1. Scan segment 167-179 and tell me whether some residue there is loosely packed, with under 12 Cβ neighbours inside 10 Å and either in contact with a Lys or Arg (Cβ under 8 Å, 6 or more places away or on another chain) or closer than 28 Å to LEU50 by Cβ (or both).
2. Is there any pair linking a residue in segment 151-172 that is under 16 Å from ALA220 (Cβ atoms) to one that is surrounded by 16 or more Cβ atoms within 10 Å (Cβ to Cβ) and of a type in the set (Asp, Glu), with Cβ under 6 Å and at least six apart or on different chains, and which?
3. Show the residue pairs that are 6+ apart or on different chains and have beta-carbon atoms under 7 Å apart, the first residue being within segment 12-26 and part of a helix (DSSP H, G or I), the second being at pLDDT 75 or above.
4. Would you pick out the residues in segment 182-238 that are in a loop (DSSP other than H, G, I, E, B) and surrounded by fewer than 17 Cβ atoms within 10 Å (Cβ to Cβ)?
5. Test MET40 against the criterion of being at pLDDT 80 or above, surrounded by 14 or more Cβ atoms within 10 Å (Cβ to Cβ) and either part of a strand (DSSP E or B) or hydrophobic (A, V, I, L, M, F, W, C) (or both), and give yes or no.
Amino acid sequence: MSIVESANSPREPVLPPGMARVVGLLLAVAVAFAQILVLMNLGHDLDVHLAAQAAARGARLWWSDSPGWLVVPVIVTIIAPLTVLPGAFGWRARQLMPPTVRWRWRVVLAMAAVCLLIDGAMLIFGRTGGYATAREAVWTSNGAVAVRHPWREAKSVGLSCFMLGKKGQQRTPRLAYDVRFEGGRTAKIGLVVRPGQSLAAWMAAVSPIAAQLAALPPAAINRGTFDPACMAATAMAADQAGLARVLAIRPGG
């Protein structure tokens with residue numbers, strides 16, 4: 001290449017340093033925010049799918065349960081853009097590579113590819129959960145039944161009642177049954193009690209399950225946490241006799 005050709009060759013557009021840093025920061029926030037929205041939408045779709053699947057089988061209790069190994073990559077896809085992208089656009093505190101135009105867009109594309117990869121994994125492997133009938137706990141994977149366990153096969157069970165939220169703020173009572181089976185699977189058939197909500201439907205669904213769990217050996221019944229505030233709020237939302245039946249496995253109940 002001659003000197004003339006070199007001089008006349010097109011140059012890469014260069015943003016002023018200040019503008020480049022602003023663009024990098026906006027891109028980082030946009031990618032992280034978009035990833036949060038996508039993950040929230042995937043979680044909502046999973047909940048809707050599980051609720052419909054449970055209703056089709058006459059079950060009113062269901063839970064979602066994504067694999068634990070997905071937590072780390074999901075967090076990484078939210079933190080990584082905020083950590084890497086600003087540096088590629090000239091923020092020296094985050095600068096892991098030369099802030100050149102070529103590197104900048106390679107980094108942006110790499111972050112987008114990683115986010116799409118994790119979203120795909122969430123879509124394929126995250127569609128797990130289950131529902132509870134009066135006879136058994138059923139786990140599903142991608143819409144198909146994966147495992148069934150009758151309640152009599154439970155290895156341990158615990159009932160807890162605690163308040164969600166921070167002290168000084170409006171707190172919500174939560175009743176939880178955590179029923180563990182062979183292989184570490186857990187049926188989570190609890191309920192978050194909203195203000196003014198009746199517990200009648202939930203108690204009607206849980207009562208036959210609670211009767212079977214109460215028949216387990218004492219060693220299989222773990223002591224849960226019973227917050228007095230939760231117990232009082234829950235009692236106000238339920239008839240006392242029905243609540244007593246549901247809390248039959250409560251230590252001292």
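The values are calculated or read from the model by the stated rules, or taken from the named source; none is laboratory data. Keep in mind that what you see is a predicted model, and the values were worked out from it rather than measured. Heads up, the Cβs are rebuilt from the backbone with ideal geometry, glycines too, and the neighbour counts pull from every protein chain shown.
1. Among the residues of segment 167-179, at least one is loosely packed, with under 12 Cβ neighbours inside 10 Å and either in contact with a Lys or Arg (Cβ under 8 Å, 6 or more places away or on another chain) or closer than 28 Å to LEU50 by Cβ (or both), which makes the answer yes.
2. Correct list of pairs: GLY158/ASP178.
3. Final answer for the pair search is GLY24/LEU85; GLY24/PRO86; LEU25/PRO86.
4. If the condition is that a residue be in a loop (DSSP other than H, G, I, E, B) and surrounded by fewer than 17 Cβ atoms within 10 Å (Cβ to Cβ), then ARG185, ARG194, PRO195, GLY196, GLN197, SER198, ALA215, PRO217, ARG223, THR225, ASP227 are the ones that fit.
5. no
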